[in-house]
Amino acid sequence: MSEELTLETLVALAKRRGFVYPTSEIYGGLASSYDYGPLGVELLRNIRSLWWREMVNKRFDMVGIDSQILLHPQTWVASGHVSSFTDPLVEDKVTNQRYRADHLIEAWIAQNAGVDDVVVEELTVPEMAEFIAKHQITSPDGNEVTPPREFNILFETAIGVIAGEKSKVYLRGETAQGIFSNFKQVLDSTRVKLPFGIAQIGKSFRNEITTGQFVFRTLEFEQAEIEYFFDPRETDWRDLFAQWQAAMWSFVVDKLGVNPDNLRWRQHTDKERSHYSEDTYDLDYNFPFGFKELWGIAYRTDYDLRQHIEHSGKKLEYLNQTSGERFVPHVIEPALGINRVFLMLLADAYWEDTANNRTVLRFKPSLAPYKVAVFPLLKNKPDLVAKAEAIFADLTDHFATTWDERGNIGKRYYYQDEIGTPFCVTVDFDTLADNTVTVRDRDTTEQVRVNVDQLVTYLREQIG
Ligand code: GAP
């Protein structure tokens, strides 16, 4: 990441190059909502499949599910979301614009360092009200705000089964609850045994008050969550917690290729921790707006399964085949946001190469939206184009490959650098004579001649 990288620079690049667009732009957009363009969708897919491969496919103790976004509404009563999934909300008394009280306080502290520093995460809503009144904190427009109140961020909708009758349901606020409600079915239908985990990737929805953080905080987002079940008498939760923390760190540093200097662990304070958690850590990334949560890990004990037992009347227990004992397992939950990984990768890969007057997204080659771009040197030479098309067709069997015949080669390199394509292959007149192409490396800009017959092997070695 470049030192002076701002969020605005990333937002502009993301839009200019087709990673992320403001949603419904033709209608003036929708707050905290974004669409992913042709480049963004490839990067998202790469993130998801890498996570799934590492966390599910490569482990003998993990399985996956894909539950509904609309679950039975009792799910959210049992989980506690209906009663306590809230954010502290204030309203600008003039514009009626809504803000999160804790975020206004954080911004005030950042501007008035040392005056009255408090741990914002630890403040209760009445304490926030007191702090705002004491320091006469205003909205960003300079207007007085209402006293903070708890605002439930669960999205409500309705299903109409019978004409005229509608029943309230919720868009899921986390993918986790679909895992807990399927716990028994997974036990009964597979051969898993403790300790084991169930993973899920999917959309979650929250009626977030905060705007302006790009894809970091959106109303609709994608989570990749794991509920890892274990017997707390046989496995010390601290050991398991530490193992998962190590797996999370290694995924971000080794698999995603992120600079570890931009990462830190932060333990939640007692007051800040969610109602269901015995211990929580956030793996924070140094986004352009500071260190913020990328990935959370919580020891949820047997809280959720017990809540669902109480509300459903079903025995959500594990049977120990050896002792014949039935009990409710405990759970450790690593919960990741795919869109935050996306934003982190853009920020971490961003590089202003001033020596070469270019902007480069230095993605790990295996994560780049396209691994290789194929260029015919000239688009009006049928022999060159036909040869380049044949090479393109061959490469697409092995790598995500793109094609470009517009403008001169320099412009094509410039464009591919900005979208992070690690290798460009140019087909020129020598190719027709000796069956070699120029392969240009994104990071070094060095060029080598490679025989077309060796091209897949060469690129595979480079991409890893
Ligand atoms: N099941 C636990 C849970 O949902 P969380 O910390 O609220 O915990 C997990 O969410 C992850 O989901 C976060 O670490 C973050 O990466 C992502 N996330 C949460 N809210 C988000 C939002 N509004 N927009 C984008 N990502 C979000």
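The values are calculated or read from the model by the stated rules, or taken from the named source; none is laboratory data. In this text, all values refer to a predicted model and were calculated from it rather than measured experimentally. Because the Cβ atoms are built from the backbone with ideal geometry, glycine has one as well, and the counts that use them run over all protein chains shown. These area figures cover heavy atoms from the full protein model, side chains too; ligands, DNA and RNA do not enter into them. Shrake-Rupley method; radii C 1.70, N 1.55, O 1.52, S 1.80 Å.
Okay, here's what the table says:
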{"item": "Failed criterion for His72 (all others in (1) outside any loop (DSSP other than H, G, I, E, B); (2) within 30 Å of Asp304 (Cβ to Cβ) hold)", "result": "(1)"}
{"item": "Region 289-340, residues that are more than 16 Å from the ligand (Cβ to nearest atom), surrounded by fewer than 19 Cβ atoms within 10 Å (Cβ to Cβ) and assigned to a strand (DSSP E or B)", "result": "Leu319, Arg326, Phe327"}
{"item": "Residues of region 375-423 satisfying the condition of being under 21 Å from Leu13 (Cα atoms) and among the acidic types (Asp, Glu)", "result": "Asp404, Asp417, Glu418"}
{"item": "Matching helices (runs of 4 or more DSSP H) fully within region 173-255 where at least 2 residues are over 30 Å from Arg98 (Cα atoms) and open to solvent by 30 Å² or more (accessible area, probe 1.4 Å)", "result": "183-189, 237-250"}
{"item": "Sole residue being assigned to a helix (DSSP H, G or I), open to solvent by 60 Å² or more (accessible area, probe 1.4 Å) and over 30 Å from Val253 (Cα atoms), chosen from Ala133, Ala78, Ala110, Ala129", "result": "Ala133"}
{"item": "Boolean, Trp51 is of a type in the set (Phe, Trp, Tyr), more than 21 Å from the chain's Cα centre (by Cα), part of a helix (DSSP H, G or I) and buried (at least 19 other Cβ atoms within 10 Å of the Cβ)", "result": "no"}
{"item": "Unmet requirement for Gly29, which otherwise passes all of (1) part of a loop (DSSP other than H, G, I, E, B); (2) touching a residue at least 12 places away in the same chain (Cβ under 8 Å)", "result": "(2)"}
{"item": "Qualifying residue in region 133-147 (condition: within 16 Å of the ligand (Cβ to nearest atom), modelled with pLDDT of 95 or more and either charged (D, E, K, R) or touching a helix residue (DSSP H, G or I) at 6+ places or on another chain (Cβ under 9 Å) (or both))", "result": "no"}
{"item": "Those residues of region 266-288 which are within 13 Å of the ligand (Cβ to nearest atom), open to solvent by 30 Å² or more (accessible area, probe 1.4 Å) and in a strand (DSSP E or B), in sequence order", "result": "Arg266, Tyr281"}
{"item": "Filter result for the condition that a residue is away from the ligand (no atom under 16 Å from the Cβ) and modelled with pLDDT of 95 or more, over Phe205, Phe196, Phe180", "result": "Phe196"}
{"item": "One residue from Thr438, Thr421, Thr431 being touching a residue at least 24 places away in the same chain (Cβ under 8 Å) and outside any helix (DSSP H, G or I)", "result": "Thr421"}
{"item": "Qualifying residue in region 160-169 (condition: among the β-branched types (Val, Ile, Thr) and open to solvent by 80 Å² or more (accessible area, probe 1.4 Å))", "result": "yes"}
{"item": "Conditions (1) open to solvent by less than 50 Å² (accessible area, probe 1.4 Å); (2) in a strand (DSSP E or B): number failed by Leu395", "result": "(2)"}
{"item": "Complete set of residues in region 208-217 that are over 11 Å from the mean Cα position of the chain (by Cα) and either β-branched (Val, Ile, Thr) or within 8 Å of the ligand (Cβ to nearest atom) (or both)", "result": "Glu208, Ile209, Thr210, Thr211"}
